[in-house]
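First comes the structure, then the notes that go with it.
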4 protein chains.
Amino acid sequence: MSDQSNSINLWMTTSRIETLVDGIFAIAMTLLVLSIGIPDISSSLSESAFQQQLWALWPKLFTYALSFFILSGFWRMNHQQFYFIKRSNPALITINVFLLLFIALVPFSTEILGEYGNYFTSNVIFQLNMFFAGVLFYINWQYAVWKGLVDENINEKTITFMKRTNLILPIVSLLALGVSYYVYAWSNLIYLASPVLKKIIEKKYSTI
Amino acid sequence: MSDQSNSINLWMTTSRIETLVDGIFAIAMTLLVLSIGIPDISSSLSESAFQQQLWALWPKLFTYALSFFILSGFWRMNHQQFYFIKRSNPALITINVFLLLFIALVPFSTEILGEYGNYFTSNVIFQLNMFFAGVLFYINWQYAVWKGLVDENINEKTITFMKRTNLILPIVSLLALGVSYYVYAWSNLIYLASPVLKKIIEKKYSTI
Amino acid sequence: MSDQSNSINLWMTTSRIETLVDGIFAIAMTLLVLSIGIPDISSSLSESAFQQQLWALWPKLFTYALSFFILSGFWRMNHQQFYFIKRSNPALITINVFLLLFIALVPFSTEILGEYGNYFTSNVIFQLNMFFAGVLFYINWQYAVWKGLVDENINEKTITFMKRTNLILPIVSLLALGVSYYVYAWSNLIYLASPVLKKIIEKKYSTI
Amino acid sequence: MSDQSNSINLWMTTSRIETLVDGIFAIAMTLLVLSIGIPDISSSLSESAFQQQLWALWPKLFTYALSFFILSGFWRMNHQQFYFIKRSNPALITINVFLLLFIALVPFSTEILGEYGNYFTSNVIFQLNMFFAGVLFYINWQYAVWKGLVDENINEKTITFMKRTNLILPIVSLLALGVSYYVYAWSNLIYLASPVLKKIIEKKYSTI
C-alpha cells in the first residue's frame with residue numbers, strides 16, 4: 001500500500017477485469033452463431049430437397065447450443081467467483097487473460113466439432129478447450145483464496161463449496177473426452193449432467 | 001437469506017444478467033450486417049450491369065432491417081421487464097440463457113431467410129426463431145411475477161399490461177408463419193403491425 | 001407521470017439507450033476490419049510478387065480508416081447530444097433505433113466501397129449511408145429539444161451550436177456524393193474537412 | 001470552464017472513452033479467433049490424415065495466442081493510464097481514436113501473419129501495427145501529462161515509471177521487426193520478454 005509498486009497497481013480493481021470478461025463472454029457466445037454457417041444451396045431445388053440440405057445443419061445447431069450453455073455455465077462461475085473476490089493483483093489478471101484466451105477460442109473449437117465431429121481428434125480439441133478453461137477457473141479461485149483477495153467475511157464452507165463446483169466442468173470435460181473415444185459427439189450429452197451435479201453439491205452444503 | 005444455498009446465489013443480481021443481455025443484443029444486431037454479404041462481382045462490368053447485380057441484395061437488406069427492428073423490439077421488452085424485476089434466482093438466469101440462445105441465433109435465421117426466402121422452410125425457421133424468443137420473454141415475465149421477483153409496489157394493471165404486450169411478438173410471428181405459407185417473404189410485413197398493437201394496448205391500460 | 005402509460009415507460013432512461021449505442025458503435029467500428037479481408041495468395045510467390053498482391057489492399061485500408069473516423073465522429077456527436085438529453089420517450093428510442101440501423105450498416109457499405117470503389121454506384125451507397133445516419137442524428141437533437149427532453153439549464157446558444165455541428169456530417173456526405181460523380185474515391189477526402197468545420201463553428205460560438 | 005467552447009466539451013469525461021476502449025478491446029480480442037479459420041477438409045479422410053491437415057493450423061494458433069497477449073498488455077497499459085488521467089479534451093479523444101484504429105486492425109495483421117508468416121513483408125505489417133499502437137499509447141500519456149489532465153497528486157516518479165513501461169511495447173516491436181529479417185515468425189518470441197522488462201522497471205521504481 002505504501003510502496004510505489006503497489007500504488008502503480010491500484011488501477012487493478014476487479015471491476016475492470018469484470019468488464020473485459022463480460023465483453024469477451026458476450027461476444028464469444030454471439031460469435032458461436034457464425035460456426036453454423038449457411039449452406040451453399042442452389043435456389044432451384046424442390047422444397048423437400050432444400051429441407052434435406054438444411055437437415056445437414058443439425059450437428060452444427062447441436063454443438064452451437066451445447067457451447068452456448070457451457071459458456072453460460074462458465075459465465076455464472078465467473079460471476080460467482082468475483083462476487084467474493086474483492087481485490088486484484090497482476091497475477092490474478094494474468095490468470096484471467098489466459099482463461100479468456102480459451103473462452104475466446106470456443107467459437108473455433110465449436111466449429112471444428114460441428115464440421116468434423118465424425119473425427120475423434122475434433123472431440124479431443126473441443127474437450128481440451130473446455131478442460132483448460134475449467135482448470136483456469138479453478139486456479140483463479142484457488143489463487144484468490146490463497147492470496148487473501150476474497151471477502152474476509154467468507155466462511156470456510158463457502159470456499160469449499162466453490163472449489164467443488166469449480167471442479168464440475170473440468171471433470172465433466174475429461175469424462176466427455178474419455179467417452180468420446182467410443183461414441184464421439186454423443187459424449188457431449190454428459191455436459192447436461194453438470195447442472196444436476198451442481199444442484200447436488202449445493203444441497204449438500206446448504207443442509208450441513 | 002440465512003441458509004448457505006442462498007448466500008451462494010447472492011451474486012445473481014439482475015444487473016449482471018442485464019450486462020450480458022445488453023452485450024448479446026448489441027452484438028447480434030451488429031452481426032446481422034454480415035448476413036447481407038458482398039456479392040462477388042467482376043470489376044470490369046458496366047455501371048448498369050453492376051447496379052443490376054447489386055439489385056439482387058434487396059431481399060437481404062429488407063430482412064436485415066426487419067430483424068434489426070424485431071431485435072430492437074425484444075430489447076425494449078427486456079428493459080421494460082427488468083425495470084420491474086428487482087431480484088434474480090438461478091431459474092431466472094436459466095430462462096434468460098435460453099432466451100439469449102435464440103437471440104444470438106437471429107443472424108443465422110436472418111441469413112437463411114435473406115438467402116433462401118423463396119423456400120417456405122426458410123420462413124418457418126425464421127418465424128420459429130422469433131416465436132421461441134418471444135415465448136421465452138413471456139415465460140420470463142410470468143416466472144418473475146409468480147416467484148415474487150418483481151417490485152412489490154407494482155400494481156395488478158401493470159402486470160397484466162406487461163403480459164399482454166409480451167404476447168404481441170409471439171402471436172405476430174405465428175401469424176407471419178401462417179401467412180408465409182401463401183405469400184412467403186411478404187408475410188413479414190405483419191411485424192410492422194406490432195408497434196400499432198402495442199400502442200392500442202398502452203392506450204387501453206392508460207385510460208381505464 | 002401519474003397516468004399508467006407514463007409509468008410503463010419509466011424504464012426508458014437515457015442510460016439504457018447509451019449502453020446499446022456504445023455497444024453497437026464499438027462492434028461496428030471493430031467489424032470494419034473484416035471489410036479488408038485477406039487476399040488469397042499462393043504461398044510460393046517471391047517476396048516482391050507477394051508485396052504486389054498486398055498492394056491491392058490499399059483502397060480497402062483507406063476506406064477502413066475513413067469509416068473508422070466517420071464512425072468516431074458520429075460517436076462523439078452522440079455523446080455530446082446525450083450529455084444534454086436528460087429524459088427519453090418511446091419516439092426518441094425509435095429515432096435512435098433507426099440511427100443504429102444505419103450505423104450497423106456501415107461495415108457493409110464500407111466493404112462495397114473498398115471492393116468496388118471504381119463504380120459510381122458504390123460511392124452513392126456509401127455516401128447515402130452516412131447521409132441518413134447524419135440526418136437521423138440531426139432529427140434526434142431537434143426532436144429532443146422540441147419535446148423538452150434536454151437539460152433545462154441549456155442556453156439557446158448551445159442548442160444552436162449543436163444544430164450547426166450536427167449538420168456538418170450530412171452536408172459533407174452530400175458534397176462527397178456530388179464530387180464522387182467526377183472523381184470517385186478521392187471525393188471522400190472531403191470528410192477530412194469536417195473537424196476543421198467543427199473547429200470554426202466552435203470558435204464562432206465561443207467568442208460571440 | 002466559463003467559456004462556451006469548454007461547456008460544449010464537458011461531455012468528454014474519461015469514462016466515455018473508457019467504455020469505447022473496453023468495447024473495442026474485447027471485440028478485437030475475440031475477433032482474433034476468426035483469423036484461425038477452419039480448414040476445408042474432406043470428411044472421408046483417415047484419422048491420421050485429418051490430424052495432419054489440422055497440424056497446419058499451429059502457426060495460426062500461435063499468432064492468435066501472441067496477439068491475444070499483446071492486446072491484453074495494451075489493455076493493461078490503457079487502464080493504468082486512465083487510472084491517473086482524470087480529465088479529457090478533444091485532442092486526447094482524437095489520440096485515442098487513432099490508437100483504437102490500430103487496435104481494431106490487429107485481427108487483420110494477425111491473419112496476415114498467421115496465413116503468410118513465411119513472407120518477411122507479413123512480419124513487417126504485424127510489427128508496424130503493434131509499433132504504431134504502442135507509440136500512440138506513449139503519446140497519449142505524454143500528452144495527458146503535458147496538458148495537466150492527470151491526477152494532481154501523482155508524483156514525478158510514477159510519471160517517469162509510466163513513461164518507461166509505455167516504451168516497452170514499441171521497443172519490443174521494433175526489435176522483433178529487426179530480428180524477423182533473419183528468423184521470421186520466431187522473432188515474435190521476443191514479446192515474451194516484455195512482462196520481464198516490466199517487472200524489472202517496476203522493481204527499480206519501488207526500491208529507489
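The values are calculated or read from the model by the stated rules, or taken from the named source; none is laboratory data. Not measured: the values here are computed from a predicted model. Every residue, glycine among them, receives a Cβ derived from its backbone with ideal geometry; neighbour counts consider all protein chains shown.
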> Hey, residue A:125 hits all of (1) β-branched (Val, Ile, Thr); (2) closer than 28 Å to residue A:84 by Cβ; (3) within 14 Å of chain D (Cβ to nearest Cβ) but one; which does it fall short on?
Replying inline: (2)
>> Quick check on segment C:97-120. Is at least one of its residues farther than 26 Å from residue B:49 by Cα and in contact with a Pro (Cβ under 9 Å, 6 or more places away or on another chain)?
In response: no
>> Suppose the filter is modelled with pLDDT under 90 and surrounded by 18 or more Cβ atoms within 10 Å (Cβ to Cβ); does residue D:14 pass it?
In response: yes
>> Looking at D:152, D:115, can you tell me which residue is among the acidic types (Asp, Glu) and within 12 Å of chain C (Cβ to nearest Cβ)?
In response: D:115
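So that you can scan it fast, the table gives a plain yes or no per residue for (1) of a type in the set (A, V, I, L, M); (2) over 20 Å from residue C:84 (Cβ atoms):
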| site | (1), (2) |
| --- | --- |
| C:130 | yes, yes |
| C:137 | no, no |
| C:142 | no, no |
| C:145 | yes, no |
> Taking segment B:25-59 only, how many residues are buried (at least 21 other Cβ atoms within 10 Å of the Cβ), within 23 Å of residue B:195 (Cα to Cα) and in contact (Cβ under 8 Å) with a residue 24 or more places away in the chain?
Replying inline: 4
> Looking at segment B:83-112, which of the residues that are touching a strand residue (DSSP E or B) at 6+ places or on another chain (Cβ under 9 Å) and within 19 Å of residue B:164 (Cβ to Cβ) is farthest from the other protein chains (Cβ to nearest Cβ)?
Replying inline: B:85
> Could you list, in sequence order, the residues of segment D:16-51 that are charged (D, E, K, R) and within 11 Å of residue A:24 (Cβ to Cβ)?
Replying inline: D:22
> Here is a list of conditions, (1) surrounded by fewer than 21 Cβ atoms within 10 Å (Cβ to Cβ); (2) within 19 Å of residue A:62 (Cα to Cα); (3) within 14 Å of chain D (Cβ to nearest Cβ); (4) not acidic (Asp, Glu), and residue A:190 meets all of them except one; can you say which number that is?
Replying inline: (3)
> When both residues are 6+ apart or on different chains and their Cβ atoms are under 8 Å apart, which pairs have a first residue that lies in segment B:109-120 and is touching a residue at least 40 places away in the same chain (Cβ under 8 Å) and farther than 13 Å from residue A:57 by Cβ, and a second that is among the β-branched types (Val, Ile, Thr) and in a helix (DSSP H, G or I)?
Replying inline: B:110/B:63; B:113/B:63; B:113/B:125; B:114/B:63; B:117/B:63
> So which helices (runs of 4 or more DSSP H) are wholly in segment B:92-208 and hold at least 1 residues that are more than 19 Å from the chain's Cα centre (by Cα) and at pLDDT below 85?
Replying inline: B:156-183, B:193-207
> Which residue out of D:152, D:111, D:156, D:202 is buried (at least 21 other Cβ atoms within 10 Å of the Cβ) and either of a type in the set (Asp, Glu) or at positive phi (or both)?
Replying inline: D:111
> What residue, among those in segment D:27-82 that are more than 7 Å from every other protein chain (Cβ to nearest Cβ), part of a loop (DSSP other than H, G, I, E, B) and of a type outside the set (Ser, Thr, Tyr), is farthest from residue C:37 (Cα to Cα)?
Replying inline: D:45
